[in-house]
Structure formats: C-alpha cells, structure tokens
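The values are calculated or read from the model by the stated rules, or taken from the named source; none is laboratory data. Every value quoted in this text rests on a predicted model; they were computed, and no experiment measured them. Cβ atoms come from the backbone with ideal geometry, glycine included; neighbour counts cover every protein chain shown. For the accessible areas, the whole protein counts, side chains as well, though only heavy atoms, and no ligand, DNA or RNA atoms are used. Shrake-Rupley method; radii C 1.70, N 1.55, O 1.52, S 1.80 Å.
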Amino acid sequence: MDCYIDLKNVEAEELKNVDLDKVDVTCSPPDFEPQRQYYFMAKCRQIVQSESKRLGRPLYACSVTFGCQMNARDSEKLSGILECVGYSAIDSEEADLVIYNTCTVRDNANQRVYGRLGVLHGLKKKNPHMKIALCGCMMQEESVIEKIQKSYRFIDLIFGTHNIFKFAELLYTMFASERTVIDIWKDTNQIVENLPVERKYPFKSGINIMFGCNNFCSYCIVPYVRGRERSRNPEDILREIKTLAADGVVEIMLLGQNVNSYGKNLAKPMSFASLLKEAEKIEGIERIRFMTSHPKDLSDDLIAVMKESRKICRHLHLPLQSGSTRILQAMNRRYTKEQYLALAEKIRKEIPDIAITTDIIVGFPGETMEDIDETIDVVKQVQFDNAFTFIYSKRTGTPAASMPGQVPEEIVKEGFNKLLKTVQDTARSRVSLWNGQTMPVLVEERNLQEKSLLTGRLSNNTIVHFPGDASLIGQIVNVRLKECHGFYYIGETAEL
Ligand code: 5AD
Ligand code: SF4
C-alpha cells in the first residue's frame, strides 16, 4: 500500500526531498510555511497531471522576466515551483501557462508589458485553456491593477512582490476560479525559506540577502513596490551558499537594493563586510559578487575585506545618479559630488585593479546643462569602467513626480548623448588597460552569434569571447586578452 505523507510532520529542510505524488492532500492544508506551499504544489500537480493526460502531452510553462537581477532571482523561484507542479519549461509564449515577472522602475518597462499582453491575448483566443499570470513590481501599483481589470480581462492571476512565496497556493486558487485571481499585499515582514528554486545557470547563482529599500531616493518607486528593508538571517544565507557550492555553483552574487546596509535590522545585527567574510570561507565558491551598493553606506571595512579577499570579484557597482550636488540633494541621495569623488578615489587607491561601474539618470526635474556637465566631470574623474545611463522617468507617487522643472526634451537628448560619449571613452580606456594580459575567465555560455566562440567574464565583470569547446562552460579558464572592443575582449585560452 502507498504511504501518504502528511506535510505537517516534515521539517522545512526536508521538504525538497519529499515525493509530491505521495503527499496526503485529502487532509487540511498546513497553516504554516513553507509546508503549506508544498501541500499546494502537490494539489496543483494532480491538476496538471490530469490535464496532461487529457491532452496526451506535457503541459508547457513560459516565464518571462523584466528588470533587474532581483527579478531574475524571483523568476528562478517561480520556475522551481512550476517544475515541482509538473510543467515543462519552454521559451515560447505559445504555452499552457505564461507568467510575466514585471518591472516598473521606468515607464518603458511597463509599456513593454502592455505591448506583449496584446500578443498574449491573440494566443489565448486560439488556445482558450491557456493561463496567464502577472507578478512583480508593476503589480504593486494600484493604477496598473485598475488598468488590467478594465482593459486586460483575460488575465487569470495577478500577485505582487510580497507574496511571491505563495505562488503554489495562488496557482491552485487560479485553477479553481473562473475569474481573475488578484492577491496584492501592501507590505510584509515575512521571509519564507526552503522553497524550490530552478537555477538558470548550474554554475552561478544569485542569492537574496535582503529585500526592500529604506532610502527613498526621490525619483525611485522601489521602496513603494518592494517595501521596507528586511535582511535574511546570516545562517539561512550561509546554509544556502553551502548547498549551492555542494551543487556545483562556483560564483555567487549577493543581492539587495542596498547591500551596504545589510544586517542593520537583524535581532543580532551583522555588517555586510562580516557576512562577506563568512561567505568567503565556504569551500567550492570561487567568486563572490554583490549588487547594489549605495555610496552613502559603503564602509572602510568593506573596502578592507574586498582588498584582502581572493574570492570577492574586482568589481563594484556604485550608482552615482548625478554629479551635481544640487541635483543629488533633490534626489535625496545623501552625498555630495565631492564625497562621491573622495570615495571612488579611496577605492581605486586601495584596490587599483577594481572596476567601478555606475548608474546615471539624465533629465531629473530642474536639471540644467550645467548639472549634466558636473556629471560628465565625475565620469571623467572616476573613469568608470561602464555606466548605465537612463533618461528620467516620472513615477507616480514618488516625490520627484510632483517637483517643478520638467527638463526640455532637447536638453535631455543633448545631455544624454554627450554623457554617453564620455562614458564610452572612459570605459574603452579602462577596459583596454588589460590588453595582452592573461586572466581567469568564468565560462558562461556559447556565444549567441558566433557558435565557435565561448563567452565568459573576468573577475572585474568584463565580457570575453574566445574560441573553445562547450565542455568548458562553468569552468574558470585562463584567457589571453588579445583585442579590446570597447566593453568586451576577444581572447584565446592560454597558460598563465
Ligand atoms: N527614472 C530613471 N531611472 C531610474 N532609476 C531608478 N528610478 C528611475 C527613474 N524614475 C535607475 C537608477 C537606478 C537604476 C536601477 O534605475 O539609476 O540605480
Ligand atoms: Fe531606489 Fe534609491 Fe532604493 Fe536604489 S537606493 S532602490 S535608487 S530608493
């Protein structure tokens, strides 16, 4: 006789090893996490299995990610659940279930989602049993939900950033409902551990160390859609890294909106520098990256830990946003041009081979050409290795949205192009510094355009393409950097 498992009696760490086909789903669901979600995975699995039997083929799920590394990591969690539920993953949106994990940091991200929803509607008309789900930052905005309810009534499930851990339960509710299921939370202090994750790359992984943001930069919607800062317990983070290392992961990226304030709100506070030191001790992990640092919170301790480390990558992403102290103040960034320059200089002095990259916004309310020139001056002085430049996008509900002084389009365009040119020049001169050297590269994938080439990254995050066999993917190999092409290199494998 089959023995049926009551998940209420299974320890959280053991849940991943449970055969979901043997779970007793006749009893009531556990009222605690993550057991409750595994119960709903088992329930959904039965539905997916019976539908698949009816159709005589597997059911396919397509998950599409918009936005940043946090969203990419969230999508790996969604994929982990979809796999447990019994879906086969595909890239095509002609699938039985399509889920969009959305971003709302700038309006063009929203517009892309609306555009693609039109296409999905066409697919759903051809295949009425298709399910469409939306989640992520954009769903935390009331105006978005209103618009979807009015103009996109074919959506089956909508949830936000705070209850993503409930995906299995929400899927089950969706299967049982004829109408759109909407579940958006305003905030949470809950962090649910031990849910399944399906990694995109076997050899590298993101790891959330904290969620949310408390900084309230005046242009930014993130604190409103991701909520207040919450740090994960170091024990949970370190256990996750050990499990990843045992599973073949060699590179980790610690993720948070502002990693430099990690641990401040823990019952037993711990600094980000100390967390890095602990992570560094874990055997099998060869490279450690992290994102994103706020300049106002970057400590001398962190610089010292990076300097001493063999594993922490020679890369710091340090968003500048603007080089004008006046604009920085209006942005509520809490540093001046001079403070940023002094910090960058200190980092370059302590760790000369480090790459510093940044984010810059052009067209913030009230910005003039003189302000943009200040930004260009910082780019020249710091010599960024790369910079992501964005045109200011007004986000409803943020303080900047009601600030006077909309910047005329000509100034934005002219300033943006001038800035981009400077960024390209500094990046080229920084990246080309390593020409002719042989450096370790973590091989990530086959080159998408030229199949005989592999693509990987240096410790400082510069991309390198070189001829090689796919068996090298996931390994760290020495590559001689032969030709610098601005942001990337062409190289060849070499002995050190
Ligand atoms: N408009 C333009 N860029 C923005 N960013 C955040 N909010 C906005 C906005 N409203 C940029 C910042 C941030 C990056 C992730 O996105 O530069 O560092
Ligand atoms: Fe947004 Fe500023 Fe928080 Fe970054 S630090 S997520 S820019 S509010």
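Check off (1) out of contact with any helix residue (DSSP H, G or I) (no Cβ under 8 Å at 6 or more places or on another chain); (2) assigned to a helix (DSSP H, G or I); (3) closer than 23 Å to Leu481 by Cβ; (4) not aromatic (Phe, Trp, Tyr) for Pro352 and give me the number that stays unchecked.
Among (1) out of contact with any helix residue (DSSP H, G or I) (no Cβ under 8 Å at 6 or more places or on another chain); (2) assigned to a helix (DSSP H, G or I); (3) closer than 23 Å to Leu481 by Cβ; (4) not aromatic (Phe, Trp, Tyr), Pro352 violates only (2).
For the stretch 200-209, name all the residues that are at pLDDT 95 or above and more than 16 Å from ligand 1 (Cβ to nearest atom).
Tyr201, Pro202, Phe203, Lys204, Ser205, Ile207, Asn208, Ile209
Thr398: in contact with a Leu (Cβ under 6 Å, 6 or more places away or on another chain) and within 16 Å of ligand 2 (Cβ to nearest atom), yes or no?
no
Just one of (1) surrounded by 15 or more Cβ atoms within 10 Å (Cβ to Cβ); (2) modelled with pLDDT of 95 or more trips up Thr188, so point out which.
Thr188 satisfies every listed condition except (2).
Count, please, the residues in the stretch 284-305 that happen to be in a loop (DSSP other than H, G, I, E, B) and under 18 Å from the mean Cα position of the chain (by Cα). Walk me through how you get there before you give the answer.
Step one: filter the stretch 284-305 for residues in a loop (DSSP other than H, G, I, E, B), giving 284-286, 292-294, 298-299.
With under 18 Å from the mean Cα position of the chain (by Cα) added as a condition, the list becomes 292-294.
So the count comes out to 3.
Within the stretch 421-450, which residues are open to solvent by less than 20 Å² (accessible area, probe 1.4 Å), at pLDDT 95 or above, in contact with a Ser or Thr (Cβ under 8 Å, 6 or more places away or on another chain) and not in a helix (DSSP H, G or I)?
Val443, Glu444
Taking the stretch 278-303, which residues are farther than 30 Å from Val443 by Cβ and either of a type in the set (A, V, I, L, M, F, W, C) or open to solvent by 40 Å² or more (accessible area, probe 1.4 Å) (or both)?
Once the filter is applied, which keeps residues that are farther than 30 Å from Val443 by Cβ and either of a type in the set (A, V, I, L, M, F, W, C) or open to solvent by 40 Å² or more (accessible area, probe 1.4 Å) (or both), the stretch 278-303 yields Lys296, Leu298, Ser299, Asp300, Asp301.
Looking at the stretch 132-146, can you tell me whether even one residue there is within 16 Å of ligand 2 (Cβ to nearest atom) and over 17 Å from Ser63 (Cα atoms)? Before the answer, list the steps.
If we filter the stretch 132-146 for residues that are within 16 Å of ligand 2 (Cβ to nearest atom), which is where we start, we get 136-138, 140-141.
From what is left, the residues that are over 17 Å from Ser63 (Cα atoms) are 140-141.
Yes - at least one qualifying residue is present in the stretch 132-146.
State which residue is surrounded by the fewest Cβ atoms within 10 Å (Cβ to Cβ) when the search covers only the stretch 69-103 and only residues that are among the hydrophobic types (A, V, I, L, M, F, W, C) and under 18 Å from Asp19 (Cα atoms). Before you say what the answer is, go through the steps one by one.
Start the filter on the stretch 69-103 by keeping residues that are among the hydrophobic types (A, V, I, L, M, F, W, C), which leaves 70, 72, 78, 81-82, 84-85, 89-90, 95, 97-99, 103.
Still in the list and also under 18 Å from Asp19 (Cα atoms): 81-82, 84-85.
Working: Ile81: 26, Leu82: 27, Cys84: 21, Val85: 26.
Once the filter is applied, the top-ranked residue is Cys84.
Say we look at the stretch 306-324 and pick out the residues that are in a helix (DSSP H, G or I) and touching a residue at least 40 places away in the same chain (Cβ under 8 Å); which of these is most open to solvent (accessible area, probe 1.4 Å)?
The selected residue is Lys307.
Being modelled with pLDDT of 95 or more and under 30 Å from Phe364 (Cβ atoms): is that true of Phe388 here?
Numbers: modelled with pLDDT of 95 or more: yes; under 30 Å from Phe364 (Cβ atoms): yes.
Criteria met by Phe388.
Restricting attention to the stretch 33-83, which residues are aromatic (Phe, Trp, Tyr) and outside any helix (DSSP H, G or I)?
Tyr60, Phe66
If I filter the stretch 362-371 down to residues being open to solvent by less than 20 Å² (accessible area, probe 1.4 Å) and outside any loop (DSSP other than H, G, I, E, B), which single residue comes out as nearest to ligand 2 (Cβ to nearest atom)?
Val362
Could you go through the stretch 329-342 and let me know if any residue there is open to solvent by less than 10 Å² (accessible area, probe 1.4 Å) and away from ligand 2 (no atom under 16 Å from the Cβ).
no
Might you check whether a residue that is within 16 Å of ligand 2 (Cβ to nearest atom), of a type in the set (A, V, I, L, M, F, W, C), in contact with a helix residue (DSSP H, G or I) (Cβ under 9 Å, 6 or more places away or on another chain) and within 24 Å of Ser293 (Cα to Cα) occurs anywhere in the stretch 190-209?
Scanning the stretch 190-209 turns up at least one residue that is within 16 Å of ligand 2 (Cβ to nearest atom), of a type in the set (A, V, I, L, M, F, W, C), in contact with a helix residue (DSSP H, G or I) (Cβ under 9 Å, 6 or more places away or on another chain) and within 24 Å of Ser293 (Cα to Cα).
The rows are residues; the columns are (1) at pLDDT 95 or above; (2) open to solvent by less than 60 Å² (accessible area, probe 1.4 Å); (3) more than 16 Å from ligand 2 (Cβ to nearest atom).
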position: Asp359; (1), (2), (3): yes, yes, no
position: Ser393; (1), (2), (3): yes, yes, no
position: Gln406; (1), (2), (3): no, no, yes
position: Phe416; (1), (2), (3): yes, yes, yes
position: Leu419; (1), (2), (3): yes, yes, yes
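Would you confirm whether any residue within the stretch 83-105 is out of contact with any Lys or Arg (no Cβ under 9 Å at 6 or more places or on another chain) and under 17 Å from Tyr172 (Cβ atoms)?
Yes.
Only residues that are part of a strand (DSSP E or B), open to solvent by 30 Å² or more (accessible area, probe 1.4 Å) and closer than 16 Å to His317 by Cα: list them for the stretch 372-391, please.
Scanning the stretch 372-391 gives Asn386, Phe388, Phe390.
Does any residue of the stretch 210-227 turn out to be away from ligand 2 (no atom under 16 Å from the Cβ) and open to solvent by 40 Å² or more (accessible area, probe 1.4 Å)?
Checked the stretch 210-227: no residue is away from ligand 2 (no atom under 16 Å from the Cβ) and open to solvent by 40 Å² or more (accessible area, probe 1.4 Å).
Considering each of Leu255, Leu266 in turn, give the residue that is surrounded by fewer than 18 Cβ atoms within 10 Å (Cβ to Cβ), under 22 Å from Val222 (Cβ atoms) and of a type in the set (A, V, I, L, M, F, W, C).
Leu266
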